[in-house]
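Everything below concerns the one structure shown next.
The values are calculated or read from the model by the stated rules, or taken from the named source; none is laboratory data. No experiment lies behind these values; they were computed from the predicted model shown. Using ideal geometry, Cβ is built from the backbone for each residue, glycine included, and neighbour counts are taken over all protein chains shown.
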Amino acid sequence: MILIKRMENFWVKLKKPLQFDSGRAIYALAPMAGYTDSAFRQICKNFGADVVYSEMAAAAALAYCPDKTLEMLKFSLGERPYVVQLFGSQPDDFGQAAKLLSGKIKKPLASGVPDGIDINFGCPVKKVAKQGAGAVLMNNKKQAREIIKAVINNTDLPVSIKVRARVGQTDVLRFLDYLRGLDIKAVMIHGRTLKQGFAGPVDSAIIKKARNYYGGIILANGGVNDYNIAVKLLADSGADGLGIARGALGRPWIFKALRTGQSAARSARPVCQAALKHAELAWKLKGSPGIVEMRKHLCWYVQGLPGAKKIRERLVRVENIDDIKKTINSLKK
């Protein structure tokens with residue numbers, strides 16, 4: 001076993017309510033494959049996200065062929081605190097990935113050491129499940145515990161996990177009970193079951209009960225797309241904060257709205273300003289590939305605006321930043 005001195009736990013420095021107070025809750029940009037890249041994380045931080053997560057990164061890729069994945073995980077100082085989320089099924093892969101991300105072996109993350117490492121036990125995607133990874137690991141508690149131990153034993157960074165309310169016969173309460181004694185700093189609980197995926201009611205009651213099994217930071221996740229839903233989920237779950245995922249797509253200002261209680265008007269001008277800033281950052285960081293990746297973000301931005309259907313038809317074909325500017329600016333008129 002490798003003994004590592006623990007680094008300072010950034011989670012305890014984040015504001016959180018001693019009693020229910022939505023203004024003091026922790027608001028995190030939750031990990032989303034294909035979406036939470038550096039450009040989007042920076043935009044969300046600018047709008048007040050307290051902590052941001054990377055896209056899911058394969059532990060096996062980092063263990064055996066890390067260059068492409070390390071490129072994906074690059075971040076700017078303005079994104080801190082920044083958490084890298086890992087997925088996979090083999091403890092040894094997670095241990096190697098943890099050492100790499102912590103700068104303990106060669107080829108560290110070029111932009112520096114992240115602020116934390118998160119382990120995915122919540123992804124419902126079938127191609128992830130076929131690898132024995134993601135949410136299905138909640139039904140393989142012994143393997144899940146070994147994975148967490150492998151990460152903790154090979155990093156000095158705070159370790160967190162993301163889970164679901166239930167996967168098959170295992171609910172989050174049984175899962176957390178099995179993990180007792182492990183040095184897990186934060187848990188993000190998606191309040192839907194694996195069977196529900198990303199739709200349906202969020203079980204705030206089971207998130208509240210999780211406090212009886214885990215004493216660290218708890219973030220509730222699932223279905224948060226406006227202030228009223230956020231306040232209700234915080235109150236009903238008793239969580240320290242929220243993980244915002246799809247609710248931030250095309251609306252990164254949701255973090256400011258949740259903090260102030262004042263929803264930003266969804267009118268063309270502020271939407272266009274945010275979308276253009278996001279696109280310019282994507283262009284700067286990735287060039288042409290960044291523009292291609294922006295297409296899906298742009299479609300989220302214009303959702304609900306007058307003429308959105310026609311404008312989306314143009315946005316899915318943009319090739320460069322000038323194309324985006326011309327198309328987006330036409331919305332302001």
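When you go through (1) hydrophobic (A, V, I, L, M, F, W, C); (2) in a helix (DSSP H, G or I); (3) at pLDDT below 95; (4) more than 19 Å from the chain's Cα centre (by Cα) one by one for residue 264, which number turns out not to apply?
It fails just one condition, (2).
Please enumerate the residues belonging to region 294-333 that are charged (D, E, K, R) and touching a Lys or Arg at 6+ places or on another chain (Cβ under 7 Å).
Once the filter is applied, which keeps residues that are charged (D, E, K, R) and touching a Lys or Arg at 6+ places or on another chain (Cβ under 7 Å), region 294-333 yields only 332.
Do we find that residue 154 is closer than 19 Å to residue 98 by Cβ and either in contact with a Gly (Cβ under 9 Å, 6 or more places away or on another chain) or of a type in the set (Val, Ile, Thr) (or both) in this structure?
yes
Within region 194-221, count every residue that is farther than 21 Å from residue 116 by Cβ and within 18 Å of the chain's Cα centre (by Cα).
Counting residues in region 194-221 that are farther than 21 Å from residue 116 by Cβ and within 18 Å of the chain's Cα centre (by Cα) gives 5.
Any chance you could count how many residues in region 102-133 are at pLDDT below 95 and either polar (S, T, N, Q) or in contact with a Pro (Cβ under 7 Å, 6 or more places away or on another chain) (or both)?
Total satisfying the criteria: 4.
Restricting to region 77-101, count the residues that are out of contact with any Pro (no Cβ under 7 Å at 6 or more places or on another chain) and under 18 Å from residue 157 (Cα atoms). Even if it seems obvious, please write down each step before you answer.
As a first pass, look at region 77-101 and keep what is out of contact with any Pro (no Cβ under 7 Å at 6 or more places or on another chain): 77-81, 86-99.
Now narrow it down to the ones that are under 18 Å from residue 157 (Cα atoms): 77, 79-81, 86-87, 91-99.
Counting residues in region 77-101 that are out of contact with any Pro (no Cβ under 7 Å at 6 or more places or on another chain) and under 18 Å from residue 157 (Cα atoms) gives 15.
Quick grid of which residues meet (1) closer than 22 Å to residue 246 by Cα; (2) of a type in the set (Asp, Glu); (3) crowded, with 19+ Cβ neighbours inside 10 Å:
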| residue | (1), (2), (3) |
| --- | --- |
| 296 | yes, no, no |
| 301 | yes, no, yes |
| 304 | yes, no, no |
| 308 | yes, no, no |
| 315 | yes, no, yes |
| 322 | no, yes, no |
| 326 | no, no, no |
| 329 | no, no, no |
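State all residues of region 47-73 that are more than 13 Å from the chain's Cα centre (by Cα), touching a residue at least 60 places away in the same chain (Cβ under 8 Å) and either crowded, with 22+ Cβ neighbours inside 10 Å or at negative phi (or both); if no residue qualifies, say none.
Once the filter is applied, which keeps residues that are more than 13 Å from the chain's Cα centre (by Cα), touching a residue at least 60 places away in the same chain (Cβ under 8 Å) and either crowded, with 22+ Cβ neighbours inside 10 Å or at negative phi (or both), region 47-73 yields only 47.
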